[in-house]
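Contents: one structure, followed by commentary.
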Amino acid sequence: MAKRVLTEAYHQIGINITLEKLPAIRSAYYIENGSADGLLARTIGIKELHPDLIMISVPVAYDVISVYAKTDIKVEGWESLLPYSIGYVTGSKTIEDKTKGMKVEGVRSEKQGLIKLDLGRNDVFIGLTGAQCVINKLNLSDIKSLDPPLETVILFHFLNKEHSELAKKLELILRNMKSTGRIEELQKQSVLEFMNQC
């Protein structure tokens, strides 16, 4: 979703972006030390850990945090997970903040977390929408996404502090794309494409 929105926005400035997939924690340090120019899409909370980053204030994407389990558990917000052992992918600030004081175990990937859930090593797995693809690919038919989701996370684009002029240009372009409905249109296309591939 963010890739689609930002590719179009940067194209309007005459810039082609190159993306490199990195673990969440490492990617923030890459941008701080200048090894990377920006973070594609992160939550606003990243500013607490990395205050020098420039946040573009127009949201570029969103994702849904859900609880995955093999049994029916009543999900009534984050607090309802307190009695359970919880798996999640390490590096998600939102999940780490919301599960403080709970029995949590970080894993390197959704695949690892869902396999552990399937084997009964955790009661639940907290993951993003993409977890459903992993469930389908691994044929983990006993694992279900529980309703309602825990939270919808709004994601923003961040730039290295050296790119303040670029940030101003990008902000204007994204504001225009939002006002014309283009961002929403690109987001809907991304969701449809994602659901079709899963």
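Remarks
- Matching strands (runs of 3 or more DSSP E) fully within segment 96-198 where at least 1 residues are charged (D, E, K, R) and at pLDDT below 95: 144-159
- Criterion applied to GLU184, GLU162 was being in contact with a helix residue (DSSP H, G or I) (Cβ under 9 Å, 6 or more places away or on another chain) and surrounded by fewer than 14 Cβ atoms within 10 Å (Cβ to Cβ), and the one residue passing it is GLU184.
- Near pairs, Cβ below 9 angstrom, 6+ apart or cross-chain, from segment 183-198 (among the small types (Gly, Ala, Ser)) to any residue that is part of a helix (DSSP H, G or I) and open to solvent by 100 Å² or more (accessible area, probe 1.4 Å): SER190/LYS3
- Boolean, VAL75 is within 13 Å of PHE125 (Cα to Cα), of a type outside the set (Lys, Arg) and touching a helix residue (DSSP H, G or I) at 6+ places or on another chain (Cβ under 7 Å): no
- Subset of segment 67-95 (residues that are crowded, with 18+ Cβ neighbours inside 10 Å, small (Gly, Ala, Ser) and outside any strand (DSSP E or B)): SER92
- Verdict on ASN176 being polar (S, T, N, Q), surrounded by 14 or more Cβ atoms within 10 Å (Cβ to Cβ) and in contact with a Ser or Thr (Cβ under 6 Å, 6 or more places away or on another chain): no
- Every condition in (1) in contact (Cβ under 8 Å) with a residue 40 or more places away in the chain; (2) in a loop (DSSP other than H, G, I, E, B); (3) touching a Phe, Trp or Tyr at 6+ places or on another chain (Cβ under 6 Å) is met by GLY34 except one, and the failing one is (3).
- Checked across segment 46-66, the condition of being surrounded by 20 or more Cβ atoms within 10 Å (Cβ to Cβ) and farther than 30 Å from SER179 by Cβ holds for at least one residue.
- If the condition is being buried (at least 20 other Cβ atoms within 10 Å of the Cβ) and touching a helix residue (DSSP H, G or I) at 6+ places or on another chain (Cβ under 7 Å), then segment 108-133 contributes GLU110, LEU114, ASN122, VAL124, PHE125, ILE126, GLY127, ALA131.
- Residue identified as within 18 Å of THR90 (Cα to Cα) and in contact with a strand residue (DSSP E or B) (Cβ under 8 Å, 6 or more places away or on another chain) among ILE25, ILE44, ILE31: ILE44
- Residue count for segment 7-40, restricted to those that are open to solvent by less than 30 Å² (accessible area, probe 1.4 Å) and at pLDDT 95 or above: 2
- When the criteria are applied in full, LYS168 meets the requirement of being free of Cβ contacts under 8 Å to residues at least 12 places away in the same chain and either within 30 Å of LEU53 (Cα to Cα) or open to solvent by less than 30 Å² (accessible area, probe 1.4 Å) (or both).
The values are calculated or read from the model by the stated rules, or taken from the named source; none is laboratory data. Owing to the predicted nature of the structure, the values given are computational and were not obtained by experimental measurement. With ideal geometry, Cβ positions are generated from the backbone for all residues, glycine too; neighbour counts draw on all protein chains shown. Calculation scope for accessible area: heavy atoms of the full protein, side chains included, ligands and nucleic acids excluded. Shrake-Rupley method; radii C 1.70, N 1.55, O 1.52, S 1.80 Å.
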